[in-house]
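Below is one structure, written out as structure tokens, with a few remarks after it.
The values are calculated or read from the model by the stated rules, or taken from the named source; none is laboratory data. Everything numeric in this text was worked out from a predicted model, so none of it was measured. All Cβ positions, even for glycine, are placed from backbone atoms using ideal geometry, and neighbour counts span all protein chains on display.
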Amino acid sequence: MSKTQEIIELEKQYVLQTYKRPDFVLEQGDGVWLYDTDGKQYLDAGSGIAVNALGYLNQTIVEAIRQGAEGLLHVSNLYHTIPHALLARDLCQSSFADRVFFCNSGAEANEGALKFARKWARVKGYSDKTGYVAFSGSFHGRTMGALSVTATEKYRAPFEPLIPGVTFAEFNDLESAKAAINEKTCAVIVEPVQGEGGVTPGDPDFLNGLRALCDEADALLIVDEVQCGLGRTGALWAHEGYGFKPDLMTLAKPLAGGLPMGAILLTQAVADTLEPGDHGSTFAAGPLVCAVAHAVFNHINTPEFLGQVRANGDYLAARLQHDVAKSPLIAGVRGKGLMWGLLSVPPAGDIVAEARKHGLIILVAGANVVRLLPPLTIKQAEIDLLIERLMQTLDALG
């Protein structure tokens, strides 16, 4: 039995089967490239679902892990540590936020944000202000609270009843949002660019309108930038450039370069309603993961790096619109920066499976949307290879 087959058989025997994995085993990575146990090379245009923003074997991350491993790995949140404070400072000074709460994942970040909104409303004296408004196409996580504000029925149905008090409005439809937001709404949660729901950018009038509606209803606005934040759209934060500020923002995926970390950024007005004991996490904000996140954040948060992301995002957009959109299997393209969705005529899963045969890893975002999330470090020559392999994939299917 080959090494590949042995590992696959062990996974099938011992791992809970909640994922359908393809029949290869990844072993190494370098830059935008992944290699399996049989030596096959793949151009990774999924980045571990937007996590590996700096690609593989990035020396910023390698050195931060090495230095962090020589210090403290874990002491719990009962004590002060240096990386914890430095990362919090830099996140707040580079955003709208005054405070940050660290956790371990995007789902945890959204759970915490939902809790914080309820506590804020209670402290303000609203006894029945407990409702949430979310949107069609939304995805905020798999835990019970985060799942309750996730619109996709197939994710929700097996676990209902979920958290009560959630109303779904239509994404990018301000009138629908206006009908849903009322005096019982404590928070509205929205992705500036929807990820799992089909890579759909928010309309500027819609997002600014949500800010105004929240102000009118005295409700908090939570922006979920777990997938679209931290440089993915070519700006540090995806809501930049829209002209509004949220009350809370959730982060995770790329924050610690592949190590598990999430964060909730919040204004002082929200922070003032929270006190010791209201929320916590044993593993969150350990010295090692904070040191790595600090290095990743400072690598991304430079005008030069973000400018390169914008330039390569424009180049990818042009190649998609000029070449890929002409395929009869693609009905359109949409996205921002290095986050793109291809509206597919055949099932998106068929295109993803065929792409692997051509050495290309891409993702789905719903039944008929193919998702591209390459590392933010991708170069134009590698974008050309991405397009070449994508066209080979479509030609093979077409």
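For this structure, a couple of remarks:
- Note on region 32-80: residues that are in contact with a Phe, Trp or Tyr (Cβ under 6 Å, 6 or more places away or on another chain), surrounded by 15 or more Cβ atoms within 10 Å (Cβ to Cβ) and in contact (Cβ under 8 Å) with a residue 40 or more places away in the chain total 1.
- Here LEU87 passes the criteria (1) outside the structural domain of THR267 (by TED's automatic domain parsing); (2) crowded, with 22+ Cβ neighbours inside 10 Å; (3) within 20 Å of the chain's Cα centre (by Cα) except the one numbered (1).
- Yes/no for LEU26 being buried (at least 21 other Cβ atoms within 10 Å of the Cβ), within 25 Å of LEU372 (Cβ to Cβ) and at pLDDT 95 or above: no
- Residues in region 340-398 that are small (Gly, Ala, Ser) and outside any strand (DSSP E or B): ALA348, GLY349, ALA353, ALA355, GLY359, ALA365, GLY366, ALA367, ALA381, ALA396, GLY398.
- Residue check, PHE206 surrounded by fewer than 24 Cβ atoms within 10 Å (Cβ to Cβ), closer than 20 Å to ASN104 by Cβ, more than 18 Å from the chain's Cα centre (by Cα) and not small (Gly, Ala, Ser): no
- In region 240-260, the residues that are buried (at least 24 other Cβ atoms within 10 Å of the Cβ) and either touching a helix residue (DSSP H, G or I) at 6+ places or on another chain (Cβ under 7 Å) or part of a helix (DSSP H, G or I) (or both): ASP247, LEU248, THR250, LEU251, ALA252, LYS253, PRO254, LEU255, ALA256, GLY257
- Conditions (1) within 30 Å of ILE351 (Cβ to Cβ); (2) of a type in the set (Phe, Trp, Tyr); (3) assigned by TED's automatic domain parsing to the domain that holds GLY231; number of the one not met by TYR79: (1)
- Odd one out for CYS290, checked against (1) over 20 Å from the mean Cα position of the chain (by Cα); (2) outside any loop (DSSP other than H, G, I, E, B): (1)
- Within region 261-270, none of the residues are under 17 Å from the mean Cα position of the chain (by Cα), surrounded by 16 or more Cβ atoms within 10 Å (Cβ to Cβ), modelled with pLDDT of 95 or more and not assigned by TED's automatic domain parsing to the domain that holds LEU221.
- Close Cβ contacts (under 7 Å, 6 or more residues apart or on different chains) running from residues in region 207-228 that are more than 22 Å from ALA263 (Cα to Cα) to residues that are in a strand (DSSP E or B) comprise LEU210/VAL188; LEU210/VAL190; LEU210/LEU221; CYS214/VAL188; CYS214/LEU220; CYS214/LEU221; ALA217/THR185.
- Contact annotation: residue pairs with Cβ atoms under 9 Å, 6 or more positions apart or on different chains, pairing a residue in region 311-328 that is buried (at least 17 other Cβ atoms within 10 Å of the Cβ) with a partner that is at pLDDT below 95, are SER327/GLY398.
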